[in-house]
Every structure is written in C-alpha cells, then in structure tokens.
1. Output the residues belonging to region 54-70 that are under 25 Å from E99 (Cα atoms) and either among the polar types (S, T, N, Q) or without any contact (Cβ under 8 Å) to a residue 24 or more places away in the chain (or both).
2. Return the total of residues in region 99-151 being modelled with pLDDT of 70 or more, assigned to a helix (DSSP H, G or I) and surrounded by fewer than 16 Cβ atoms within 10 Å (Cβ to Cβ).
3. Scan region 44-95 for residues that are hydroxyl-bearing (S, T, Y) and under 22 Å from E123 (Cβ atoms) and jot them down.
4. Identify all residues within region 27-48 that are at pLDDT 90 or above and of a type in the set (F, W, Y); write none if there are none.
Amino acid sequence: MPSVPILGIVRNAWRYDSWPIGGKVRYASAMSTLDDYTLFRFYYLGFDADYEYGFRNLHHAASHFDVAVDDLKRMLADWQLDAAVTKRVDYNLARAHSEAQVLSLEGASIQEREAFSQRAWQEFRQARAAGLSESIIDHLDVVSAFDLPGD
C-alpha cells in the first residue's frame with residue numbers, strides 16, 4: 001500500500017493526533033482509518049463507512065476525512081487515484097458510480113453495497129495495473145456509462 005505523509009495530513013479541531021498504523025493513517029477524532037480503498041469508495045462511488053450513498057466531491061471528501069483539500073489532492077496522486085491516472089485507466093468510473101447510486105436507490109443491503117464496492121475497487125486496481133493509456137479514455141458519455149448500443 002502506498003505511504004502517506006503524516007505530518008499535517010490528518011488533523012481534528014482540537015489537536016494534531018494522527019499516526020500510522022499498519023500502512024494506514026489513523027486519526028483519533030473519528031477513530032477511523034483512511035486508506036486508498038476508503039477514499040476510492042467515498043470519493044468515486046459515493047459510499048461512506050456505513051455504505052450510505054451521497055454525492056461526494058473533493059471538498060466533501062476533505063471535510064469528511066478532516067484533511068485540507070490540497071492534502072487530499074496529494075493523497076489522491078500518491079495513491080494513483082487522481083484524474084491524471086483515472087482518466088487513462090480502462091475502467092469505467094462513471095458506470096461504477098451510477099451502479100452505486102442504483103444500489104442505494106433500490107435499497108440494496110449493506111452487504112450488497114460492500115460487495116459491489118470491493119469488486120469495483122478490485123476491477124479498478126486490475127485495470128490500473130494493466131497500464132495507462134497514452135491518451136484520455138472517455139467513459140463519461142451515456143453510451144459507455146450504461147453500455148447502450150451506439151450508432
């Protein structure tokens with residue numbers, strides 16, 4: 001698992017209280033960990049730790065994890081989850097996000113949401129490990145997001 005600089009990355013309102021445990025960043029304010037899977041699940045799929053869906057952008061994620069936006073951007077880059085990588089990986093994040101929304105709207109169980117999140121994470125990691133495209137791969141159009149037949 002990629003490492004994350006600790007000093008100044010994680011903080012709470014009262015004191016700086018972060019420390020590394022098992023390759024993850026642990027912060028006492030929420031007694032939770034932030035790792036690459038957790039960030040992927042929250043930021044790209046929209047699922048929090050309880051697998052409740054919500055719209056998440058960079059500022060939501062920074063606030064949720066109690067980190068500065070610039071620090072979160074660095075974490076995304078360090079973990080190869082930033083746009084420079086995700087737009088060049090042959091994995092359809094728009095479709096995965098849409099599927100997460102549908103699971104939530106249809107009332108899928110927490111176990112189903114968790115299984116989907118873990119499967120999406122593994123598929124993304126496999127696609128990333130297969131290599132990055134020289135050009136940006138456009139998965140944001142409706143045809144590719146939902147596998148609709150093209151013209």
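1. Let us first name the residues in region 54-70 that are under 25 Å from E99 (Cα atoms), namely 54-65.
Of everything in region 54-70, those that are under 25 Å from E99 (Cα atoms) and either among the polar types (S, T, N, Q) or without any contact (Cβ under 8 Å) to a residue 24 or more places away in the chain (or both) turn out to be G54, F55, R56, N57, L58, H59, H60, A61, A62, S63, H64.
2. Count: 14.
3. Step one: list which residues in region 44-95 are hydroxyl-bearing (S, T, Y), which gives 44, 51, 53, 63, 86, 91.
If the condition is that a residue be hydroxyl-bearing (S, T, Y) and under 22 Å from E123 (Cβ atoms), then Y44, Y51, Y53, T86, Y91 are the ones that fit.
4. Y37, F40, F42, Y43, Y44, F47
Residue-by-condition table, conditions (1) in contact with a Ser or Thr (Cβ under 9 Å, 6 or more places away or on another chain); (2) closer than 17 Å to R119 by Cβ:
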| position | (1), (2) |
| --- | --- |
| F42 | no, yes |
| G46 | yes, yes |
| D50 | no, no |
| H59 | no, no |
| V67 | no, no |
| D71 | no, no |
| A77 | no, no |
| K87 | yes, no |
| D90 | yes, yes |
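The values are calculated or read from the model by the stated rules, or taken from the named source; none is laboratory data. For clarity, every value in this text was computed on a predicted model and none was experimentally measured. Don't worry about glycine lacking a Cβ; one is built from the backbone with ideal geometry, like all the others, and counts go over all protein chains shown.
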